[in-house]
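**Q** One structure follows; several queries about it will come next.
The values are calculated or read from the model by the stated rules, or taken from the named source; none is laboratory data. None of these values were measured; they are calculated from a predicted model. All Cβ positions, even for glycine, are placed from backbone atoms using ideal geometry, and neighbour counts span all protein chains on display.
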Amino acid sequence: MNPRPSLGKSHYDGSALIADPIHEYITFTVPFAVPAGGKARAAQQEATEKDLIDSPWAQRLRYIFQLQSARWVYPSAEHSRFVHSLGAMHVAGRFARHLYSFLQKVVPDAPSANYVEELLRVTALVHDIGHGPFCHFFDDNFLKAFGLTHERLGQVIIREHLGPIIRRIRRSPSGPFAPGEELDPDQIAHLILKDKSKDISRMPRWVNLLQPVISGSYTGDNLDYVLRDSYMCGVAVGPVDLSRLIHYTMITPKGFTIHKTGLPALQMFLNTRMYLYSNVYYHRTTRAIDIHLREIFGDTMRLVFPHDPRKKMEEYLNLTDWSLLETVRGWKKSRHATQRRLGEEWAFVLGRDVKWKMGYNTVLKEKGQERGMDFPSREQFEKQIQKELPAKLQTMPFRVDMAPLDPRPDPKDTRGIPLYVYDPATQAVSTEPLEEFLDLLPTRIVVFRVYAPSHDYDAELSRAAAAILNKAPSSIDTNV
């Protein structure tokens, strides 16, 4: 009697699926099954995406919220950086599979297609690995003091802690690498850094050509978070045509390029992203909570984690939103005066008792010819508004909040990696069609708000703010 055939075993062995509300299913690599009674030395030596996903550093992202403060405004937005990282991995892999034929024509000696796919997937998976509690807020209000960002810290984690796993990965979901190919953690660390001043000369050309998939106008990162954050917040946004954007993206000898036919899909995505910033990330209450957090976060971190994370990486591994919030929750009854004071302030945040109330709101717009100009700082505006207030109110507490947003790729930014456009009529590749396209998008704006502890003096604050803004240089327009 013939043994029963193993139906599809070779096809399904070595990979698995993650169910996801945005991308339906995300494929990831897992170890091959070990034959009964046999040894699988190669399988034991090989690492897979499952090993990376299950590593303590990746699992730590389950306890860091994707939205630092907006989740107190949108109750269903309880998703984590972990699920976003899985989605970014999936989108980056789709880009890689589509772009490889273009890449190989430009750089014939580029590594195999499966290697390139896995490089971008792993990079996207770990792009947020360095985040601390409250994410970007943590960068600005803690890491900055050490000359760090979450990306710089992520590079340390990738090279020193995840490197041994990364080097042992030998295949992507599409198949094995070419003989002798091995993922380089240094290339991954290079790609996650979005600093335009970084040295690109030390990397192979093919690596730099793929940089925009990780940090560019539309990426595995922002395409996932726009789709995921809007879905989890329950916010109705315009469509994001992910498949069309990927389809019309290519790599040409000049660099990362979009087919002119794909520009409407890019416009649609950028407008959707701007809507999400305006209505979720920069929601008036979200920003009010951030103002309160800014007042207490530095003092809190000096008690909870007064270290350069690079010197205390084991402790940093356990520093998350969950650990921080549970720590400060108990401070309200502390016998330590500083802890008790901070605990009382944190109780307002955790109880969603919003301290600061918006009294004035407008938008500062930058004219096209002044693209890249700097607005005065919020501290400068606060001093000017204070002088405009009636004498009896000049000692009242208030805060200016300025939330910047630039939705447009800048074709004149020579420090970064520009986005090129392919015109099928002329077969030319240049940034000129992009400049014409930018006229259809809003220019750089700053959402300008004034907050006070109550609404009692909204009228006076509004008059003072409007007076100051109307005196501003002509390059700043307002809607007042």
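**Q** Taking interchain pairs and intrachain pairs at least six residues apart, which have beta carbon atoms under 6 angstrom, with the first residue in region 15-44 and under 30 Å from G234 (Cβ atoms) and among the acidic types (D, E) and the second exposed (fewer than 13 other Cβ atoms within 10 Å of the Cβ) and at pLDDT 95 or above?
**A** none
**Q** Would you please name the residue that is nearest to the chain's Cα centre (by Cα), looking only at residues in region 140-159 that are surrounded by fewer than 16 Cβ atoms within 10 Å (Cβ to Cβ) and more than 24 Å from Q45 (Cα to Cα)? Walk me through how you get there before you give the answer.
**A** Restricting attention to region 140-159, the residues satisfying the condition of being surrounded by fewer than 16 Cβ atoms within 10 Å (Cβ to Cβ) are 140, 144-147, 159.
With more than 24 Å from Q45 (Cα to Cα) added as a condition, the list becomes 140, 144-147.
Working: D140: 14, K144: 17, A145: 21, F146: 21, G147: 19 Å.
The qualifying residue nearest to the chain's Cα centre (by Cα) is D140.
**Q** How many of the residues in region 116-146 are at pLDDT 95 or above, farther than 18 Å from G87 by Cα and among the small types (G, A, S)?
**A** Residues meeting the conditions: 1.
**Q** Being touching a Pro at 6+ places or on another chain (Cβ under 8 Å), assigned by TED's automatic domain parsing to the domain that holds E117 and not charged (D, E, K, R) narrows it down to one residue among S217, S197, S243; which is it? Lay out the reasoning, then the answer.
**A** Values: S197 fails: touching a Pro at 6+ places or on another chain (Cβ under 8 Å); S243 fails: touching a Pro at 6+ places or on another chain (Cβ under 8 Å).
Result: S217 is the single residue among S217, S197, S243 that is touching a Pro at 6+ places or on another chain (Cβ under 8 Å), assigned by TED's automatic domain parsing to the domain that holds E117 and not charged (D, E, K, R).
**Q** Pairs, please: C-beta under 7 Å, at least 6 apart or cross-chain, first residue over 12 Å from R152 (Cα atoms) and in region 175-197, second modelled with pLDDT of 95 or more and of a type in the set (K, R)?
**A** Sorted first by the residue in region 175-197, then by its partner, the pairs are P176/R170; F177/R170; F177/R171; E182/R167; L183/R167; P185/R159; P185/R167; D186/R159.
**Q** Please go through region 41-97 and pick out each residue that is buried (at least 23 other Cβ atoms within 10 Å of the Cβ) and among the acidic types (D, E).
**A** E49 - this is the single residue of region 41-97 that is buried (at least 23 other Cβ atoms within 10 Å of the Cβ) and among the acidic types (D, E).
**Q** So in region 310-352, with the set limited to residues that are over 20 Å from G154 (Cα atoms) and of a type in the set (D, E), which one is surrounded by the most Cβ atoms within 10 Å (Cβ to Cβ)?
**A** My answer is E345.
**Q** For region 1-112, give me every one of the helices (runs of 4 or more DSSP H) that falls completely inside it and has 1 or more residues that are modelled with pLDDT under 95. Before you say what the answer is, go through the steps one by one.
**A** Numbers: elements: 9-12, 41-45, 49-53, 56-60, 81-106.
Passing ranges, in order: 9-12, 41-45.
**Q** Would you check which residues across region 107-120 are within 18 Å of I246 (Cβ to Cβ) and either under 25 Å from the mean Cα position of the chain (by Cα) or among the β-branched types (V, I, T) (or both) and list them?
**A** Passing the criteria: V116, E117, E118, L119, L120.
**Q** Do you know which of the residues in region 451-476 that are farther than 22 Å from I291 by Cβ and part of a helix (DSSP H, G or I) is modelled with the lowest pLDDT?
**A** Of everything passing the filter in region 451-476, N470 is modelled with the lowest pLDDT.
Yes/no matrix, rows are residues, columns are (1) over 16 Å from the mean Cα position of the chain (by Cα); (2) of a type outside the set (D, E, K, R); (3) farther than 29 Å from V116 by Cβ:
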residue: R60; (1), (2), (3): yes, no, no
residue: L67; (1), (2), (3): no, yes, yes
residue: A70; (1), (2), (3): no, yes, yes
residue: Y74; (1), (2), (3): yes, yes, yes
residue: S80; (1), (2), (3): no, yes, no
residue: V91; (1), (2), (3): no, yes, no
residue: R97; (1), (2), (3): yes, no, no
residue: S101; (1), (2), (3): yes, yes, no
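**Q** Within region 319-342, does at least one residue satisfy the condition of being over 28 Å from T149 (Cα atoms), aliphatic (A, V, I, L, M) and touching a residue at least 12 places away in the same chain (Cβ under 8 Å)?
**A** no
**Q** Name the residues in region 263-288 that are among the β-branched types (V, I, T), surrounded by fewer than 20 Cβ atoms within 10 Å (Cβ to Cβ) and at pLDDT 95 or above, would you?
**A** Residue satisfying the conditions is T285 alone.
**Q** So the check is Cβ under 7 Å with 6+ separation or different chains; which pairs have a first residue in region 100-124 that's in the same structural domain as A189 (by TED's automatic domain parsing) and a second one that's in a helix (DSSP H, G or I) and among the hydroxyl-bearing types (S, T, Y)?
**A** Correct list of pairs: A113/Y100; V116/Y100.
**Q** Return the residue satisfying two criteria in turn: it lies in region 420-438 and is touching a Phe, Trp or Tyr at 6+ places or on another chain (Cβ under 8 Å) and at pLDDT below 90, and of such residues it is farthest from T252 (Cα to Cα).
**A** Of everything passing the filter in region 420-438, L434 is farthest from T252 (Cα to Cα).
**Q** Output the residue which, of all residues in region 306-337 that are out of contact with any His (no Cβ under 9 Å at 6 or more places or on another chain) and among the hydrophobic types (A, V, I, L, M, F, W, C), is farthest from G132 (Cα to Cα).
**A** Checking each candidate, the answer is A337.
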